[in-house]
Amino acid sequence: MTVTPQTPVLSSLYQESVAAYWNAERNPVNLRLGEVDGLYHHHYGIGEVDWSVLDGPAETREKRVVNELHRLESVQAETLLAHLGPLRPEDRVMDAGSGRGGSSILVNLRQGCQVDGVSISESQVAFANDQARKRGVDDKVRFHFRNMLDTGFPTGAFQAIWNNESTMYVELSQLFAEHARLLRRGGRYVCITGCYNNAYGLPSRAISQINAHYICDIHPRSTYFAEMAANRLVPISVVDLTAATIPYWELRAKSHLATGIEDAFLDAYKSGSFQYLLIAADRV
């Protein structure tokens, strides 16, 4: 059973602007990759690139590049899900900021558990629910037009919760308070996120460009750990994926799917001002 939130889903003008952005988003770098196998992740990739995709017949080059970029983003999704801990079919998990639903469907396919995805984008919620119906898993995978800061779900309802590249749209103090409420004791929280490196100083120009491009606000690395500690989330694993994601961006920059933001990501990662982290934490 779920409880419907009593407050409006969109509680600020900023949230309305973010929702409008994702409701209107039809970026080929997201849609074309998802068409490969029907899993629409909307995530960046990690791992070594097969650079041979740039060689060979010109007429099939675009397809080879799309397949390789999707393979890399699938590795990223699988890496996050591998840190959720043991899950049973009777467990319930939540995808906070679920986009078009690829990761939620994937965890159900892997573990058989019930999945609730939440997003403030009504169009993406509708798209994701349609994908679940097409795969015949809509009895266990459901997507909701809800705010991850105030979901309305019952306290202690979830064994695991994750954010995949969505924490930069919210205040971490509010997010982790809600996650701590929703997770049962001993439950697992995992996020993969870009954060700015406090040791570098203030956010670099490249990070400001990324913020403007995605209408987001990238947090400092230290804030993640401070707010987790304040909300009974104890990190058990921290993995720096920065070096692992750079090849993805290098390939994307050379592809027909480049959006113009690739150089900013590469500059930020290579300068040390930006880091790509996986953080897994237990609710105590």
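The values are calculated or read from the model by the stated rules, or taken from the named source; none is laboratory data. Predicted model, so just to flag it, every value in this text is computed and none were measured. Cβ placement follows ideal geometry from the backbone for every residue including glycine, while neighbour counts extend to all protein chains displayed. Surface accessibility is based on the protein's heavy atoms, side chains included, excluding ligands, DNA and RNA. Shrake-Rupley method; radii C 1.70, N 1.55, O 1.52, S 1.80 Å.
Below is a table of values for the structure above.
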read-out	value
Elements of type helices (runs of 4 or more DSSP H) contained in segment 175-278, each with 3 or more residues being over 22 Å from V29 (Cα atoms) and open to solvent by 60 Å² or more (accessible area, probe 1.4 Å)	221-230
Among the residues listed as N147, N164, the single one being at pLDDT 95 or above, in contact with a His (Cβ under 6 Å, 6 or more places away or on another chain) and within 28 Å of P235 (Cβ to Cβ)	N164
So E90, is it open to solvent by 40 Å² or more (accessible area, probe 1.4 Å), touching a residue at least 12 places away in the same chain (Cβ under 8 Å) and not in a helix (DSSP H, G or I)	yes
Hits in segment 120-152 (condition: open to solvent by less than 50 Å² (accessible area, probe 1.4 Å) and touching a strand residue (DSSP E or B) at 6+ places or on another chain (Cβ under 7 Å))	I120, V125, A128, N129, A132, V141, F143, H144, R146, M148, T151
Qualifying positions in segment 189-222 - out of contact with any helix residue (DSSP H, G or I) (no Cβ under 9 Å at 6 or more places or on another chain) and modelled with pLDDT under 95	G201, L202
Segment 102-119, subset in a helix (DSSP H, G or I), more than 14 Å from the chain's Cα centre (by Cα) and not charged (D, E, K, R), residue surrounded by the most Cβ atoms within 10 Å (Cβ to Cβ)	N108
Complete set of residues in segment 3-50 that are open to solvent by 20 Å² or more (accessible area, probe 1.4 Å), among the acidic types (D, E) and part of a loop (DSSP other than H, G, I, E, B)	E35, D37, E48, D50
Filtered residues of segment 8-41 (kept if touching a residue at least 40 places away in the same chain (Cβ under 8 Å), of a type outside the set (S, T, Y) and in contact with a Phe, Trp or Tyr (Cβ under 9 Å, 6 or more places away or on another chain))	V9, Q15, V18, N30, L33, G34
